[in-house]
Amino acid sequence: PLVHGTEIFQAARKGHYCVGAFNTNNLEWTRAILGAAQEKNVPVLIQTSMGAAKYMGGYELCQKLIEATVKSMDITVPVIIHLDHGDYEAAKEAIAAGYNSVMFDGHDLPFAENVEKTKEIVKLAHAKGISVEAEVGSIGGEEDGVVGEGELASVEEAKELAATGIDFLAAGIGNIHGQYPANWTGLHFDRLKEIGEAVDLPLVLHGGSGIPQDQVEKAISMGISKLNINTECQLSFAKATREYIEAGKDQEGKGYDPRKLLAPGTKAIADTVKEIIGWMGTKEVK
Ligand code: G3H
Ligand code: ZN
């Protein structure tokens, strides 16, 4: 069933585990993520960036497509439809379209304005039971046009943003969107520890692709309850599709049929999601 994010992530923070948040781009991606979560019997958050929602035809279509897919696949684990890195307008649109959860990402605004706008989104969202994520500091790199300097989150600002009534908090702690550079020095655990002690909300780790498992496990022990994964699925999809084409399989029989051509990549996404859920240690649904 579709659920809001509040209880799922509160339970994760309390129980010292993490729930996966995976980005979707289309029907194949959606089916792969939902099928993997069902197989692992865990709750899952499926999210669209503003760019992906635009690509797919808008928030309403995204919401309806994911909802209908949950139904047609008989998905029984809890599913949260979430807006990833939304600006103010996008958050309002996703709320109106019936998303279960939204991220308002105000990292590029002056901090006082980030706080004010977050409060407004919380008010609109909570009137419908919709959960809200906000961002303090920023995530390095770029994702779908959202660019960050990788500014380390301040503990004081984390407390202030948490006080707006949000349900979970994303903090910049040296994490980066996309592939990590070879000279990356790792997560800032000292700062994460301080934020985790100052704020009892579920914390969100963006840029999950490519962070070594031991660092993710350590981060979970300090309050990370939501792990965002996008690039890892894109890489798996691209690799499997390339192998299919390079092996000439699109030229055998009717291998060029899009349903055949997209199948290896779709399976690769499902395998990647299952693997990540496995090592992330999400607690199974009873
Ligand atoms: O918001 C989405 C995530 O932070 C994804 O980051 O592409 O590095 O996995 P990633
Ligand atoms: Zn992100």
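Computed from the coordinates by the stated procedures, all read-outs in this text should not be read as laboratory data. As the structure is a computational prediction, the values presented were derived from the model and not from experiment. Using ideal geometry, Cβ is built from the backbone for each residue, glycine included, and neighbour counts are taken over all protein chains shown.
Here are a few things to note about the model shown:
- The angle separating the long axis of helix 189-198 from the principal Cα axis of greatest extent in the chain is about 60 degrees.
- Between the C-alpha center of the range 1-74 and that of the range 162-179 there is a gap of 19 Å.
- A convex hull fitted to the Cα coordinates of the range 13-95 yields 95 cubic angstrom per residue.
- The range 89-222, Cα convex hull volume normalised per residue, Å³: 108 Å³
- Each of Gly265, Ser101, His82 was scored by the projection of its Cα onto the charge dipole of the chain, and the greatest displacement toward the positive side belongs to Gly265; charges sit on the C-beta of Lys, Arg, Asp and Glu.
- The range 117-177: C-alpha pair distances exceeding 19 Å, %: 36 percent
- Residues of the range 31-56 with amide N under 20 Å of a point placed 7 Å along Cα→Cβ from Lys239: 32-34, 36-37
- Per-residue ³J(HN,Hα) for the range 261-277, Karplus 6.51 cos²θ - 1.76 cosθ + 1.60, θ = phi - 60°, Hz, x for Gly and Pro: 4, 8, 5, x, x, 5, 5, 4, 5, 4, 5, 5, 4, 5, 5, 5, 4
- Fewest-first sequence of Ser101, Ser209 by Cβ atoms within 10 Å of each Cβ: Ser209, Ser101
- A simple spin-label model places the labels of Leu261 and Lys249 1.4 nm from each other, with each point 7 Å out along Cα-to-Cβ.
- Residues of the range 112-153 with an amide N closer than 18 Å to a point placed 7 Å from the Cα of Lys54 along the Cα-to-Cβ direction: 142-148.
- Residues Arg31, Arg242, Arg259 arranged by fewest to most Cβ contacts within 10 Å: Arg259, Arg242, Arg31
- Here the relative contact order of the range 44-141, from alpha carbon pairs under 8 Å that lie six or more residues apart, stands at 25 percent.
- For Ile245, Ile46, order by how many other beta-carbon atoms lie within 10 Å, fewest first: Ile245, Ile46
- Taking a point 7 Å from the Cα of Ala11 along the Cα-to-Cβ direction, the residues of the range 68-82 with backbone N closer than 18 Å to it are 75-82.
- Across the range 1-101, C-alpha contacts under 8 Å between residues 6 or more apart give a mean separation that, scaled by the residue count, equals a relative contact order of 35 percent.
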